[in-house]
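As structure tokens, the structure follows; a few thoughts come after it.
The values are calculated or read from the model by the stated rules, or taken from the named source; none is laboratory data. Quick caveat, the model's predicted, so the values are computed rather than measured. Positions of Cβ are backbone-derived with ideal geometry, glycine not excepted, and every protein chain shown enters the neighbour counts. When the accessible area is computed, the model is the full protein with side chains, heavy atoms only, and any ligands, DNA or RNA have been set aside. Shrake-Rupley method; radii C 1.70, N 1.55, O 1.52, S 1.80 Å.
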Amino acid sequence: RRRGTLPAMPATRPFVVDAIDLHAAEGVLRFEEALRRFTAEEVLDPASPEFEAAWRLLDDYFGPRNEIEQRPALERWRRDPIEDGPIRCRYHLVTWKDEAGNLAAARDGFVATDVEAGRCVVLLSHSYVAPAYRRGGLAALLRTAPATLARQDLIARGLDPRSTPTLLVAEMEPVEPE
């Protein structure tokens, strides 16, 4: 399968987790508070300092557990998504920063869409909230972001998110008792 290279883009673009994607069990007030407190960006350029910082945040936690891909693999997925044929697949890396611009959290994953069959699968790869930012509603943004990414990808591909079956799949390593 041929992979398509994305055209030159800025390092990041603003990303807003949309309340329309919020699960009914999430606390709306904490979600809205977190939206006000944190700024989200999707990292587009794998050669950027933003990619390095986000990957480092994830790798520092997941790397020692052998639960994250090597950076060159993720860079390639970001740079060369699958954009032709019936199945389109794109890697997403989203960061959240506090009011001072400090990196508070990151989430990555893949959105794969079968444009012929009209269905979507989201692979929930990694999410991490730095300890200083926990218990402040930020996790609701990280949990909701994949649904927003899927909806945005479906719209970009000419599919209706309201009628396109979408499956969110968690990538989990088996538990090894200590």
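Averaged over its residues, region 1-96 has an accessible area of 55 Å² per residue, based on protein heavy atoms and a 1.4 Å probe. A simple spin-label model places the labels of E178 and R65 1.2 nm from each other, with each point 7 Å out along Cα-to-Cβ. Note on surface exposure: H23, H92 rank H23, H92 by accessible area, highest first, 1.4 Å probe. Averaged over residues, the count of other Cβ atoms within 10 Å places the peptides 136-145, 13-22 in the sequence 136-145, 13-22, highest first. Of the complete DSSP H runs in the chain, those spanning 15 angstrom or more by Cα along the long axis with a mean Kyte-Doolittle score not below -0.5 are 49-62, 138-156. Net charge in the neighbourhood of E99 (other residues with Cβ under 11 Å of its Cβ; Lys, Arg +1, Asp, Glu -1) is +2.
Our note on the geometry: Cα centres of region 75-103 and region 136-170, 13 Å apart.
For region 1-98, the fraction of 1.4 Å probe accessible surface lying on carbon and sulfur atoms is 54 percent. Distance between the 7 Å Cα→Cβ label points at L167 and R13: 2.8 nm. Please identify, among G63, G109, G158, the residue showing maximal mean-square fluctuation in a Gaussian network model of the chain using a 10 angstrom Cα cutoff. Result: G158 has the largest fluctuation of those listed. Here the Kirkwood formula puts the hydrodynamic radius of region 91-132 at 11.9 Å, using every distinct Cα pair. Take the alpha carbon gyration tensor of region 64-106, find the square roots of its eigenvalues, order them as a ≥ b ≥ c, and report rounded if a/c is under 1.5; if not, report prolate when a/b exceeds b/c, else oblate. Taking the square roots of the gyration eigenvalues as a ≥ b ≥ c, region 64-106 is oblate. The slack in the chain from A132 to E83, taken as 0.36 nm per residue of separation less the alpha-carbon distance, amounts to 13.8 nm. Out of A112, A130, A40, any idea which swings most in a Gaussian network model of the chain, alpha carbons joined below 10 Å? Maximum among the listed residues: A130. Shape class of the chain from the Cα gyration tensor (axes a ≥ b ≥ c, square roots of the eigenvalues): rounded, since a/c falls below 1.5.
Overall, the chain carries a charge dipole of about 300 debye about its Cα centre when +1 sits on the Cβ of Lys and Arg and -1 on the Cβ of Asp and Glu, all other atoms neutral.
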